[in-house]
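Participant: Once you've had a glance at the structure underneath, I'll fire off some questions.
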Amino acid sequence: MRKSDLAFIAIGILIVLFFWFAPPETTVHVPADDNHNEFRDIEHAEGKKAAEKFCRDCHNPDDMPLSEEHPPKYRCLFCHKFDKQQ
Ligand code: HEC
Ligand code: HEC
């Protein structure tokens with residue numbers, strides 16, 4: 001395999017990773033409401049990982065199941081941005 005082939009593959013992998021972790025802004029935003037505002041504050045203070053721990057309290061298979069087509073569910077806030085506060 002030539003060096004340029006390796007570079008091509010590496011760039012391909014990078015592009016896939018980029019879209020995986022930075023999906024288009026069209027992904028539904030986390031609403032700016034009483035259910036969610038608290039987590040925006042936690043994200044600001046302690047980061048995404050700390051805030052995400054609480055999502056499954058409500059968005060779990062029993063109370064509010066995510067759709068069948070929902071992509072992998074760990075790290076909610078990598079994909080879902082908070083809506084701008086009104
Ligand atoms: C206290 C319960 C509760 C918690 C905790 C919670 N949610 Fe929600 N979430 C809701 C409810 C109820 C709705 C639908 C009504 C609304 O818009 O608030 C909703 C709606 C959403 C929506 C919009 C869905 C749509 O179809 O527009 C997203 C995205 C979302 N939540 C993500 C999150 C994430 C990410 C977290 C963790 C940071 C989280 N939620 C934590 C109750 C909760
Ligand atoms: C890999 C990216 C990704 C991750 C991680 C992710 N989501 Fe989603 N989520 C999406 C996409 C894409 C949709 C579908 C958007 C649409 O229908 O326009 C979606 C839809 C939703 C919806 C709307 C209802 C539904 O099921 O379609 C809610 C609520 C939601 N996600 C909550 C969460 C929660 C809570 C977590 C963490 C436990 C999470 N998401 C993790 C990408 C992600």
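Participant: Starting from the amide H of Phe82, placed 1.01 Å from N in the peptide plane, find each other amide H under 5 Å away whose residue is 5 or more places distant or on another chain.
Facilitator: Val30
Participant: Follow-up question, since we're still on this one. Is the C-alpha gyration tensor of the stretch 14-72 telling us rounded, prolate or oblate? Criteria: a/c under 1.5 is rounded; beyond that, a/b larger than b/c is prolate, otherwise oblate. Please list the in-between numbers first.
Facilitator: Numbers: a/c = 1.88, a/b = 1.21, b/c = 1.56.
Judged from the Cα gyration tensor, the stretch 14-72 comes out oblate (a/c at least 1.5, b/c at or above a/b).
Participant: Among Tyr74, Met64, Pro31, whose Cα projects farthest towards the positive end of the dipole of the chain, with charges put on the beta-carbon of Lys, Arg (+1) and Asp, Glu (-1)?
Facilitator: Result: Tyr74.
Participant: Also: What number, in percent, do you get for the relative contact order of the chain if the mean sequence gap of Cα pairs under 8 Å and at least 6 apart is divided by its residue count? Mind showing how you got there, number by number?
Facilitator: Numbers: 47 pairs, mean separation 34.7, N = 86.
RCO, the chain: 40 percent.
Participant: Which whole-Hz ³J(HN,Hα) couplings does the stretch 55-67 yield from phi under the Karplus relation 6.51 cos²θ - 1.76 cosθ + 1.60, θ = phi - 60°, glycine and proline marked x?
Facilitator: Computed from phi, the couplings for the stretch 55-67 are 4, 6, 4, 10, 7, 10, x, 7, 8, 9, x, 7, 4 Hz.
Participant: Expressed in nm to one decimal, what extension gain is obtained for the pair Val16 and Asp57 from 0.36 nm per residue of sequence separation less their Cα-Cα distance? Write down the numbers at each step before the final one.
Facilitator: Details: separation 41, 0.36 × 41 = 14.76 nm, distance 3.06 nm.
Value of the extension gain: 11.7 nm.
Participant: Same structure again: Compute the helix-to-body angle for 3-21: its Cα long axis versus the longest principal axis of the chain, expressed 0 to 90° and rounded to tens.
Facilitator: 10 degrees
Every number here is computed from the coordinates shown, using simple stated rules; none is lab data. Bear in mind that the values here come from a model prediction, so they are computed numbers and not experimental data. Glycine also receives a Cβ, built like all others from the backbone with ideal geometry; neighbour counts cover every protein chain displayed.
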